[in-house]
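The values are calculated or read from the model by the stated rules, or taken from the named source; none is laboratory data. Here the structure is a predicted model, which is why all the values come from computation and not from measurement. Glycine gets a Cβ as well: all are built from the backbone with ideal geometry, and neighbour counts include every protein chain shown. Quick note on the areas: whole protein, heavy atoms, side chains included, nothing else; ligands and nucleic acids left out. Shrake-Rupley method; radii C 1.70, N 1.55, O 1.52, S 1.80 Å.
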Amino acid sequence: MRRASGFVLSTIRTTSFARRRSNGNFCSTPLPLPQMDHQSDSERYDFNPILRWNPEVERYFIHAYGADHFSRISAALTYPSRYSCIRVNSLKTTSDAVIEKLQGIIGETEIGSPLEESWKDGRITKCKIPGLDYVVFVKGSGPCAIDYGCASGAPPKEVIVSRKCAEAVLRGAQVYVPGVLACSAHVEKGDTVAVSVALEQRMADGGWATGITRGTVLQGLQTDPHYSERRGLYIGQGKAMLSRAGLFRVTEGIAVDMNNRVFKLPSFHDVLEGEIFLQNLPSIVAAHALDPKKGERILDMCAAPGGKTTAIANLMEDEGEVVAVDRSHNKVLDIQNLAAEMSLTCITTYKLDALKSVSRANESIDSGVPQISNSVTPTEKQMSVHDGLCGDKNCVGNGNGMGKLTTAM
Ligand SMILES: C[S@@+](CC[C@H](N)C(=O)[O-])C[C@H]1O[C@@H](n2cnc3c(N)ncnc32)[C@H](O)[C@@H]1O
């Protein structure tokens, strides 16, 4: 599930669109959805989102890529990645050892479970890009057809989750309580539920929101909130771990054990902790491209939760210093926890607004931000002399903002 300024995800299918050509371009205009009947239930309980583009952006891309290529890109963007990328903590272990351990875990896994299917021999491979042999890929599968039991004529019990929750589920996570927005009446612990995602829509005030109040009761009827919008946005089936009342009473824990997902990728929760870190390849490549050396000082200006910070520290073989800065107190704690989990000691953390960390020669650094308890206030010298810089404010994961500095900031 992705949303960027240029497009929104929608369940409205191509058949519901009037495609019109003007000046050699086309744009898509949604038409009213057809009335649902039981015959179209199989289409409704399905994963088949499409993107609605801002017409101007769409025209630009069609011009750049050609209509066919762009339509393939657009379709591909509606699917999650079908592999998980793992960075191996090469100070503790090796890729080969990790692959062997992951394959060993299959032995303890229930036959036929998503974990077992995804971790079969041959599905776990070492990255072949030169220099990146500390990266391991685990291939998943999908989209898989799921029988939501609509043939009986009765609508399945349902749970609606947030987009962020759905994104995690499509990468192998369970549905946790905070991700649940709405649920059918009479859901009991142990019930099988169909899980769908509520996408944010543009609101009257210009902002984005799902428009679903947490705790909303679903009847499985067309009068349900956002019934039409959820068509084609079903991400799988699972077992409710709590009753409906429990789901909205507690604040944490697993809400739905997702045992049948549209995309099958294993969860790495609690798996080989400290030895591996789940990280997208572009983030790994970004740290790699910085080429940090043993003994250097690297400044990571937007560091939490510490994915690139720890990747850099790893490449420095934990010798030198990675100065990890984040403006959020709790997020700085996340960096510290991750560094401890990966047994990295060369990372120094500061709660600091990076925008205030740069000074002119005759000014002192504005470090008037409260420091976290186990972190010291950085001196000007500490903040000013570095060999490399990472500035990852927008979670680009694609290497923007990394630069090797030859002079002091
Ligand atoms: C995309 S995340 C960084 C991800 C991180 N580089 C990683 O690889 O795990 C962006 C972070 O930048 C922090 N941030 C944003 N603006 C900042 C600023 N002016 N100073 C310090 N941190 C900032 C946010 O608190 C957030 O934790």
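Computed from backbone phi with θ = phi - 60° and the Karplus coefficients 6.51, -1.76 and 1.60, the 3J(HN,Hα) list for segment 149-154 is x, 6, 4, 5, x, 8 Hz; x is used for glycine and proline. Taking every protein chain into account, the accessible area of segment 274-316 amounts to 31 square angstrom per residue (probe 1.4 Å).
Taking amide hydrogens as placed 1.01 Å from N in the peptide plane, the amide H of ALA182 sits under 5 Å from those of ILE160, GLY215, each at least 5 positions away in sequence or on another chain. Ranking of CYS165, CYS302 by solvent-accessible surface, largest first: CYS302, CYS165 (1.4 Å probe, protein heavy atoms only, all chains present). What the Cβ-Cβ distance of ALA340 and TYR65 gives, at R0 = 51 Å and to the nearest 0.05, is a FRET efficiency of 0.65. Rolling a 1.4 angstrom probe over the protein heavy atoms with all chains in place gives segment 158-259 an accessible area of 43 Å² per residue. Classification of segment 158-259 by its C-alpha gyration tensor yields a prolate form. The axis ratio a/c (a ≥ b ≥ c) is 1.5 or more, and a/b outweighs b/c. In sequence order, segment 131-144 has phi-based couplings of x, 10, 6, 8, 10, 10, 10, 10, 8, x, 8, x, x, 10 Hz under the Karplus curve 6.51 cos²θ - 1.76 cosθ + 1.60, θ = phi - 60°, and Gly or Pro positions carry x.
Residues in segment 307-319 carry Karplus couplings, in order, of x, 6, 4, 6, 5, 5, 4, 4, 5, 7, 6, 6, 10 Hz; the curve used is 6.51 cos²θ - 1.76 cosθ + 1.60 with θ = phi - 60°, and Gly or Pro positions show x. When the solvent-accessible area of segment 158-259 is split by element, carbon and sulfur atoms take up 52 percent of it, the probe being 1.4 Å. If both residues of a DSSP beta bridge must be in segment 136-272, then about 70% of such bridges are antiparallel. For THR348, the residues whose amide H sits under 5 Å from its own are VAL322, VAL323, ALA324, ignoring neighbours fewer than 5 places away on the same chain, with H placed 1.01 Å from N. When the listed pairs LYS101/LYS189; LYS239/LYS264; LYS308/LYS331 are checked against a 22 Å cut-off, the alpha-carbon distance exceeds it for LYS101/LYS189.
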